[in-house]
Amino acid sequence: MDDFDEKYYLILKLAECHKLTLGEYEKLIVNRDAETTKRLRDFANAFRNRIYGNKIFIRGLIEISSYCKNDCLYCGLRRSNSNCQRYRLNRDEILNCADEGYKLGFRTFVLQGGEDNFFTDEVIGDIVYKIKTRYSDCAVTLSLGERSYESYKYLRECGADRYLLRHETASKPHYKKLHPREMSFENRMKCLNNLRELGYAVGCGFMVGSPFQTAKDLARDLKFIERFKPDMCGIGPFIPHRDTPFRDCMAGTLELTCYLLSIIRLIYPPVLLPATTALGTISKTGREQGILSGANVVMPNLSPVGVRKKYELYDNKICTGEEAAQCINCLSNRIKSIGYKIFTHRGDIIKK
Ligand code: SAH
């Protein structure tokens, strides 16, 4: 088989078997062109539409703290960044965001933040419990980084339904290049396994175009997703932040991110796949293009406007100036314009 035929064979194989070998994933990435992109996208949309129709799920993102004890080289919230403006929301501010979000139709709240020691199990557990008792029809997702098994267990008992913890990269040597020595690939993976064991709906994910990333690293990410079968998978382009060691690195592209979204939809058709804020940041129509490549989730910001600019993971993050209501209107119109519509229920994964 020549290269030409092989690319198309790989796409058919992926659509049929939902898995490829490591080498095949790599080839699909390296040899991509307009034609492979279109074929993958058409399959991805067909699978997504068969399971979720034209419904796009929304999650209200509440960025609870910009304090972080970690020092990930790519992230604007890293502890070594002395220019980062630190803030943390208190319990009532977080509950107010949820109240406002509920009125706007949100039925999933994602509490995300840096790894901030202020947010002990008791503090977070109390907030989760309050949201869950106030709004029994809502799901609470946590995205607070690496914690102990006991911590995840306690928070699950307090009512947390889902947890997002991007694996960041499934290649150990690559992981080391993106993180300081005290962080470990093994612990990240162990956390994901613990979360799953505890009955959370679990989200993993990675940045596209992060420094030092090769096609082989991406193939490993895809292999990991194929095996782990995450309920959710967050992928977005890497975007440099001016106050990090990666300030001069190139950003990931819209094109490769969308290509990988389509592949991930084919690897695990039911997966909840967000068109991320980072995708909307590198291109004006990034989130729309993400949806048209197979994504089915968007995560508008519900954080108080006063703190949004301070939660700066990367430069020029969008939606930092508008009120939540404006954000949801804007997104809703964008989604309608491409023939999809926002669905305001919890939006759990539909496994066949
Ligand atoms: N502290 C939490 C939340 C991290 S922020 C945790 O560890 O899970 C959420 C995600 O933003 C990260 O997992 C990372 O993949 C992404 N992110 C961080 N810096 C970024 C950058 N410069 N460009 C693009 N995405 C970035």
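The values are calculated or read from the model by the stated rules, or taken from the named source; none is laboratory data. The model shown is predicted, which means the values in this text are computed figures rather than measured ones. Cβ sites come from the backbone with ideal geometry, for glycine too, and all protein chains shown count toward neighbours. Only protein heavy atoms, including side chains, enter the accessible area calculation; ligands, DNA and RNA are left aside. Shrake-Rupley method; radii C 1.70, N 1.55, O 1.52, S 1.80 Å.
Applying the set (1) more than 16 Å from the ligand (Cβ to nearest atom); (2) over 20 Å from Pro240 (Cβ atoms) to Ala275 leaves exactly one unmet item: (1).
Table: residues versus (1) open to solvent by 60 Å² or more (accessible area, probe 1.4 Å); (2) at pLDDT below 95.
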| site | (1), (2) |
| --- | --- |
| His241 | no, no |
| Arg265 | no, no |
| Pro269 | no, no |
| Ser293 | no, no |
| Glu312 | no, no |
| Gly321 | no, yes |
| Lys336 | yes, no |
| Arg346 | yes, no |
| Ile350 | yes, no |
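Ile94 falls short on exactly one of the conditions (1) open to solvent by 10 Å² or more (accessible area, probe 1.4 Å); (2) more than 15 Å from the ligand (Cβ to nearest atom), and that condition is (1). In the stretch 199-220 there is at least one residue matching the filter, namely being away from the ligand (no atom under 12 Å from the Cβ), in a helix (DSSP H, G or I), in contact (Cβ under 8 Å) with a residue 60 or more places away in the chain and open to solvent by less than 20 Å² (accessible area, probe 1.4 Å). Which members of the stretch 231-247 meet the condition of being in a loop (DSSP other than H, G, I, E, B), of a type outside the set (A, V, I, L, M, F, W, C) and within 13 Å of the ligand (Cβ to nearest atom)? Selection gives Pro240, His241, Arg242, Asp243, Thr244, Pro245, Arg247. Only one of the numbered conditions (1) within 16 Å of the ligand (Cβ to nearest atom); (2) open to solvent by less than 70 Å² (accessible area, probe 1.4 Å) is not met by Asn45, and that is (1).
Checked against (1) basic (Lys, Arg); (2) more than 13 Å from the ligand (Cβ to nearest atom); (3) in a loop (DSSP other than H, G, I, E, B); (4) in contact with a Phe, Trp or Tyr (Cβ under 8 Å, 6 or more places away or on another chain), Arg156 passes all but a single condition, namely (3). When the stretch 74-84 is filtered for residues that are surrounded by fewer than 17 Cβ atoms within 10 Å (Cβ to Cβ) and within 16 Å of the ligand (Cβ to nearest atom), the ones remaining, listed by number, are Ser80, Asn83. Any residue in the stretch 223-232 that is surrounded by 21 or more Cβ atoms within 10 Å (Cβ to Cβ) and of a type in the set (Val, Ile, Thr)? Yes, the stretch 223-232 contains at least one residue that is surrounded by 21 or more Cβ atoms within 10 Å (Cβ to Cβ) and of a type in the set (Val, Ile, Thr). Has the stretch 138-153 got at least one residue that is touching a residue at least 60 places away in the same chain (Cβ under 8 Å), in a loop (DSSP other than H, G, I, E, B) and touching a Cys at 6+ places or on another chain (Cβ under 7 Å)? Scanning the stretch 138-153 turns up no residue that is touching a residue at least 60 places away in the same chain (Cβ under 8 Å), in a loop (DSSP other than H, G, I, E, B) and touching a Cys at 6+ places or on another chain (Cβ under 7 Å). For the stretch 279-291, taking the residues that are open to solvent by less than 10 Å² (accessible area, probe 1.4 Å) and in contact (Cβ under 8 Å) with a residue 40 or more places away in the chain, the one that is farthest from the chain's Cα centre (by Cα) is identified as Ile291.
Only one of Gly105, Gly113 is closer than 30 Å to Phe238 by Cβ, open to solvent by less than 40 Å² (accessible area, probe 1.4 Å) and either touching a residue at least 60 places away in the same chain (Cβ under 8 Å) or under 22 Å from the mean Cα position of the chain (by Cα) (or both). Can you tell me which? One residue alone meets the criteria, Gly113.
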